[in-house]
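There's a structure below that I have some questions on.
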């Protein structure tokens, strides 16, 4: 049997096929435009800055992330973000943290970054503070953990025991510095990081120096906290540290005014009176010999190093200079010290400082 071409139907079939091809082309083009609009068209806006930080709290889901992006004005179109996020399975890969968004990012790049957990660290900075509460407040302003959770752990004896501290010695754990950490660091993770940094700080030269002067790490921190409250003059700290080490070696009470202020709970006192000296506290070094149970502040690194590099001399006393320069007069004998003390007391009287 021989088939013959139907010349009459050929143009119709050709037109039909051409129509089908055109429909497919337009459909593909439309789909491409739709996908480009949703996935690859710039959707991130960061205002006048090239980049903007975006924080995802612990426990967030995709809906919360989309809402935060929209609420903070970081995306132009929430619907397109959610469309891409859904198709890239972001709802099963939400990672908390701090992310740096760049102006003009498209949804595809944005979702890839968020679902991979590619967050950027924060520079956690804290300085010397007088209390754990102050440390907690400073830290909580920079990471996700709140100050209450940090304070709770600082007083949790069971937890502190796992990192080698207790409630009296824990101020020495914190070495003032700048640390790179992730924003979603928890209170427990913060303490564990500080423990690693503490070990890194002491190991090596500082441990060798403290062994020479016969003090444990915690004792160095305790003495440093007293020295840092006695003076803000870094060049004078090793001299004052030398005075206290001399007194410790001779079995003399430290008689350090800052420890009395700590014992009575008032660092604003400018003049230590007899009534203050009667405070019955192991931190009152006028009543109790040796170092107090722990640091009275979180000491600065300069004070720690001043203790480790304490100046060798035979001074046993010191008193603030009457010119209120912040420096001190040093003495070898009590008689000499009493003369220096009278100069300072007279200066206080002239300024009518009675407390």
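Check residue 100 against each of (1) part of a helix (DSSP H, G or I); (2) surrounded by 13 or more Cβ atoms within 10 Å (Cβ to Cβ); (3) without any contact (Cβ under 8 Å) to a residue 60 or more places away in the chain and name the one condition it does not meet.
(1)
Which of (1) in a loop (DSSP other than H, G, I, E, B); (2) over 20 Å from residue 59 (Cβ atoms); (3) in the same structural domain as residue 50 (by TED's automatic domain parsing); (4) modelled with pLDDT of 95 or more is the odd one out, the single condition residue 95 does not satisfy?
(2)
Select from segment 253-267 the residues that are outside any helix (DSSP H, G or I) and more than 16 Å from residue 230 (Cβ to Cβ) and list them in ascending order.
Listed by number, the residues that qualify are 265, 266.
Please go through segment 201-237 and give me each residue that is in a helix (DSSP H, G or I), in contact with a helix residue (DSSP H, G or I) (Cβ under 6 Å, 6 or more places away or on another chain) and within 23 Å of residue 317 (Cα to Cα), ordered by number.
Once the filter is applied, which keeps residues that are in a helix (DSSP H, G or I), in contact with a helix residue (DSSP H, G or I) (Cβ under 6 Å, 6 or more places away or on another chain) and within 23 Å of residue 317 (Cα to Cα), segment 201-237 yields 210, 220, 221, 223, 224, 226, 227, 228, 229, 230, 237.
Exactly one condition in (1) part of a loop (DSSP other than H, G, I, E, B); (2) more than 25 Å from residue 221 (Cα to Cα) is false for residue 348; which is it?
Result: residue 348 passes all but (1).
From the residues in segment 147-165 that are touching a residue at least 24 places away in the same chain (Cβ under 8 Å) and surrounded by fewer than 19 Cβ atoms within 10 Å (Cβ to Cβ), which one is nearest to the chain's Cα centre (by Cα)?
That would be 149.
Within segment 305-313, identify whether any single residue is modelled with pLDDT of 95 or more, more than 30 Å from the chain's Cα centre (by Cα) and surrounded by 15 or more Cβ atoms within 10 Å (Cβ to Cβ), and answer yes or no.
yes
Something else: For segment 120-140, which positions are in a loop (DSSP other than H, G, I, E, B) and modelled with pLDDT under 95?
Selection gives 127, 128, 129, 130, 131.
Could you list, in sequence order, the residues of segment 151-182 that are in contact with a strand residue (DSSP E or B) (Cβ under 9 Å, 6 or more places away or on another chain) and outside any loop (DSSP other than H, G, I, E, B)?
Residues satisfying the conditions are 177, 178, 179, 180, 181.
Now a separate question. Run down 283, 262 and say which single residue is out of contact with any helix residue (DSSP H, G or I) (no Cβ under 7 Å at 6 or more places or on another chain), without any contact (Cβ under 8 Å) to a residue 40 or more places away in the chain and buried (at least 20 other Cβ atoms within 10 Å of the Cβ).
Going through 283, 262 in turn, the sole match is 262.
Collect the residues in segment 177-198 that are in contact (Cβ under 8 Å) with a residue 60 or more places away in the chain and under 9 Å from the mean Cα position of the chain (by Cα), keeping them in residue-number order.
Matches in segment 177-198: 177, 181.
Tell me which residues, restricted to segment 77-92, are part of a loop (DSSP other than H, G, I, E, B) and either surrounded by 15 or more Cβ atoms within 10 Å (Cβ to Cβ) or not assigned by TED's automatic domain parsing to the domain that holds residue 64 (or both).
Matches in segment 77-92: 88 only.
Mind listing just one residue for me: the one in segment 315-328 that is surrounded by fewer than 18 Cβ atoms within 10 Å (Cβ to Cβ) and within 19 Å of residue 256 (Cβ to Cβ) and, of those, modelled with the highest pLDDT?
Per the stated criteria, the residue is 327.
The values are calculated or read from the model by the stated rules, or taken from the named source; none is laboratory data. All values derive from a computational prediction rather than experimental measurement. Heads up, the Cβs are rebuilt from the backbone with ideal geometry, glycines too, and the neighbour counts pull from every protein chain shown.
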